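See structure below.
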Amino acid sequence: MRTSLGARALAVAATSALTIGSLATAASAADDATLTLSEAGVLTLPAGDGVRDETTVTVTSDIATTLTVYVDETGAGPRVLTYDPIEIVDPAVPATITVPVDEFAAGHYEIFVAPAAGNPAIALLTVGSGEPTDVSVSLSASTIFTWSGASPRNTTATVGATDETGLAVPFTGALTSTVGGVTSTAPIASTTGAAATKKVYAANLGAGTGSVTATVSGPADVASSATAPLTVARTAVTSLSLARSLAAVYPLKDDYRDKVAFTVTPATTRDTAFAATGSVKVVRDGKTVKSWTLRTSKKRTLTWDGRVGGKVVPGTYTVTASLKGPEGRKRTASTTVKVAASAVKRVIVKKTVGTVYPAKDSYRDTVAFTVTPRTTTGTTLPAQGTVKVVKDGKTVKSWTLTTSKKRTLTWDGRVGGAIVPGTYTVAVALKGPEGSTKKTSTTVNVSKKKLVTATKRLTYRASTIMDSYITLDEYEIGACYEHYFTDGDVVCDAYDAYYGDSIALYDFGTMPVPSEVVSAQQFGGASVKLTTAWSWVSGDVLWGYDKVEGGGAQLGWAYEGRQTLGALKLPSGTRTVHVTFALGEYATSAADTITATYTYKKLA
């Protein structure tokens with residue numbers, strides 16, 4: 001490498017030589033000599049080391065002449081060297097001036113050459129100190145390896161040095177390598193100024209990152225240095241990971257999680273794979289049931305069908321991977337995987353009714369059994385099983401199950417077409433491709449009873465039913481009276497309909513539905529008809545009944561005598577029938593009794 005000082009000195013020397021050379025060749029008088037000088041170049045100290053110890057300057061003249069030659073320091077400095085006169089006898093034969101380094105110190109000089117007549121010429125001379133002020137070191141490989149099977153295992157350090165002139169100079173010194181806390185030192189030298197080389201071996205250093213430093217000196221024994229980074233790497237596995245593709249494997253060959261894959265991923269000190277030794281083992285209860293051998297540090301995926309000796313052995317297995325490179329310690333990683341049978345683990349049966357009435361009356365003529373299997377996989381599996389209806393140890397009805405799919409089965413409650421009352425057991429048994437048979441059961445009763453139509457009639461005094469009224473005349477004169485003409489009757493007398501449009505008075509009542517009718521409403525078809533005995537009706541009187549207060553699902557004009565309106569349906573949960581009388585302006589009515597006729601179904 002060249003220092004700024006060296007480069008600058010050369011530039012100055014070259015420019016001055018060209019300039020003075022041009023001046024020296026300028027035309028002079030006819031009897032004057034015109035001189036031309038070659039460049040003097042650079043000398044390097046110390047003398048006697050064979051490196052730029054002398055230089056020559058060639059002088060040509062266009063005429064024969066005698067030359068005066070001396071050397072001064074640049075800038076009118078002291079004279080360093082004076083030569084005897086030199087004759088140029090034949091202009092065709094140039095004169096040669098030899099300049100040895102012995103007489104000089106480091107610096108810049110002028111070689112002055114003057115003819116006997118004519119202009120003188122000057123050649124510039126630079127003398128270098130020979131001290132290695134600028135040092136360089138480079139490595140053929142920045143990473144080397146300690147393992148004998150790896151490459152490279154050493155690196156070549158190339159060391160060079162230049163003085164202030166920028167020219168290579170001889171040096172002596174040491175090459176110090178420090179990596180991984182270990183230092184190795186070796187001598188290094190150049191007697192010619194050419195770059196010197198030295199090998200650095202991984203075997204002499206520790207593993208890690210560090211540096212190689214060249215420290216050299218020249219004649220003055222002043223040290224200069226340069227450093228290059230170096231890594232010494234071991235060929236080792238630094239960590240190991242083991243991943244599984246499934247947490248549970250079901251080895252049944254049905255394309256549902258039939259196998260599990262284990263992926264071994266090493267982390268290493270190298271960018272490329274290398275030979276290693278290791279294994280992957282599947283272990284249960286201390287016994288290895290499956291293993292693989294690892295021979296390289298490459299990532300590897302291994303597949304296991306979950307079987308032991310061709311059989312499915314449910315349980316939890318430990319999977320352990322281990323791997324060791326040529327250097328370093330063994331690394332391990334482990335995980336677990338569950339092996340499960342593809343089996344029915346539970347079966348549930350539910351019935352739609354507790355008692356079936358096979359008589360064909362549309363009331364619980366059949367019973368449905370819903371069989372719901374639960375599997376270890378959560379999927380539908382092939383299976384074998386039955387659903388049996390049993391009484392007194394005898395199967396009276398059965399179905400075959402071929403899968404674990406939920407299934408609903410219907411039975412008409414008959415045995416050979418006949419109704420045989422009693423309690424029956426419904427037994428379910430189901431087995432998947434693997435595992436044991438799972439069982440469950442329930443019971444169902446069979447009854448000969450069937451629905452028949454029943455009627456119930458209840459007669460009430462009107463005063464026990466009609467219990468409140470609202471008058472809508474202007475002065476609230478209208479009213480209803482109990483026991484007016486006869487014991488238990490209700491007489492209502494209306495006036496104007498000032499507040500009620502066309503209705504002047506309302507009378508309301510409620511009638512409880514008998515409990516047996518309420519219970520029978522579950523069978524459907526329950527209804528009621530009301531009959532009112534009117535002893536007096538004057539004017540416009542409406543009456544009706546409904547399931548809600550004030551409603552008119554059944555509605556008609558009242559007239560004297562017994563009057564019956566239509567049937568009011570009583571859906572399940574109906575416990576009250578609401579009765580309403582509505583009187584027009586100045587109407588009068590007298591109701592003696594109200595009779596309720598209920599029609600409903602019951603089992604008999």
*Quick one: pull the percentage of alpha-carbon pairs in the range 496-559 with a separation above 15 Å.*
65
*In the range 398-531, carbon and sulfur make up what percent of the accessible area (probe 1.4 Å)?*
47
*Working from Cα positions, state the angle (0 to 90°, nearest 10) between the long axis of helix 4-24 and the longest principal axis of the chain.*
40
*Among the trypsin sites (Lys or Arg not before Pro) in the range 242-277, which ones are in a DSSP loop with at most 16 other Cβ atoms within 10 Å of the Cβ? Mind listing them?*
LYS253, LYS259
*For the chain, with only Lys/Arg (+1) and Asp/Glu (-1) charged at the beta-carbon, what is the dipole magnitude about the Cα centre, in debye rounded to 20?*
8120
*Classify the range 469-519 as rounded, prolate or oblate, taking a ≥ b ≥ c as the square roots of the eigenvalues of its Cα gyration tensor: rounded when a/c is under 1.5, otherwise prolate if a/b is larger than b/c and oblate if not.*
oblate
_Cut-off under 5 Å, modelled amide H: who pairs with ASP496 long-range_ = GLU474, TYR586
*asked:* Suppose we look only past 18 Å in the calculated P(r) of the range 43-171. What percent of the Cα-Cα pairs does that tail hold?
replied: 64
*Report ³J(HN,Hα) in whole Hz for each residue of the range 489-495, in order, from the Karplus equation J = 6.51 cos²θ - 1.76 cosθ + 1.60 where θ = phi - 60°; Gly and Pro get x.*
7, 10, 10, 10, 10, 9, 10
*Contour excess over end-to-end distance, with Cα ends at ALA368 and ASP221 and 0.36 nm allotted per residue*: 41.9 nm
*Go ahead and run the numbers for FRET between ARG284 and ASP258, Cβ-Cβ distance against an R0 of 30 Å, rounding to 0.05.*
0.95
*Taking 0.36 nm per intervening residue step and subtracting the Cα-Cα distance, what contour gain separates ALA76 from ASP305 on full extension?*
72.6 nm
*Quickly work out the SER468-to-ARG562 label distance, labels modelled 7 Å from Cα along the C-beta direction, and quote it in nm with one decimal.*
3.2
*Residues of the range 34-172: accessible area per residue with a 1.4 Å probe, Å²*: 41
*Hz values of 3J(HN,Hα) by residue in the range 583-597 - Karplus curve (6.51, -1.76, 1.60), Gly and Pro given as x*: 9, x, 4, 6, 8, 9, 9, 9, 10, 8, 9, 10, 10, 9, 10
*Under 17 Å from a label point 7 Å along Cα→Cβ of ALA267: give me every residue in the range 220-248 with its amide N that close.*
234-243
*Would you pull out the residues with amide H under 5 Å of LYS450's amide H, same chain only if 5 or more places away, H placed 1.01 Å from N?*
ALA604
*Of TYR484, TYR495, TYR598, TYR201, which has the most accessible area and how do the rest follow, probe 1.4 Å?*
TYR484, TYR201, TYR495, TYR598
*DSSP loop (so not H, G, I, E, B), at most 16 other Cβ within 10 Å: list which GluC sites (Glu not before Pro) in the range 479-572 pass both filters.*
GLU549, GLU560
*asked:* Viscosity 1.002 mPa s, temperature 20 °C: what is the translational diffusion coefficient of the range 181-257 from Stokes-Einstein with a Kirkwood Rh over Cα pairs, rounded to a whole number of µm²/s?
replied: 120
_List residues of the range 219-261, by number, whose backbone nitrogen lies under 18 Å from a label position 7 Å along Cα→C-beta of THR379._
245-261
_Residues whose placed amide H lies under 5 Å from that of THR296, excluding near-sequence neighbours_ = ALA276
*Name the residue farthest towards the positive end of the dipole of the range 49-172 from the options VAL59, THR158, SER140, assuming +1 on Cβ of Lys and Arg, -1 on Cβ of Asp and Glu, about the Cα centre.*
SER140
*Phi-based couplings in Hz for the range 214-223 (Karplus 6.51, -1.76, 1.60; Gly and Pro marked x)*: 9, 10, 10, 8, x, x, 8, 6, 9, 7
*Here are several values of volume of the Cα convex hull per residue in Å³: (i) 154; (ii) 423; (iii) 239. Which one was derived from the coordinates shown?*
(ii)
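The values are calculated or read from the model by the stated rules, or taken from the named source; none is laboratory data. Only a predicted model underlies this, so the values are computations on that prediction, with no experimental measurement involved. Here Cβ is always computed from backbone atoms with ideal geometry, including for glycine, and neighbour counts include all displayed protein chains. Protein only, heavy atoms only, side chains kept; ligands, DNA and RNA dropped before computing areas. Shrake-Rupley method; radii C 1.70, N 1.55, O 1.52, S 1.80 Å.
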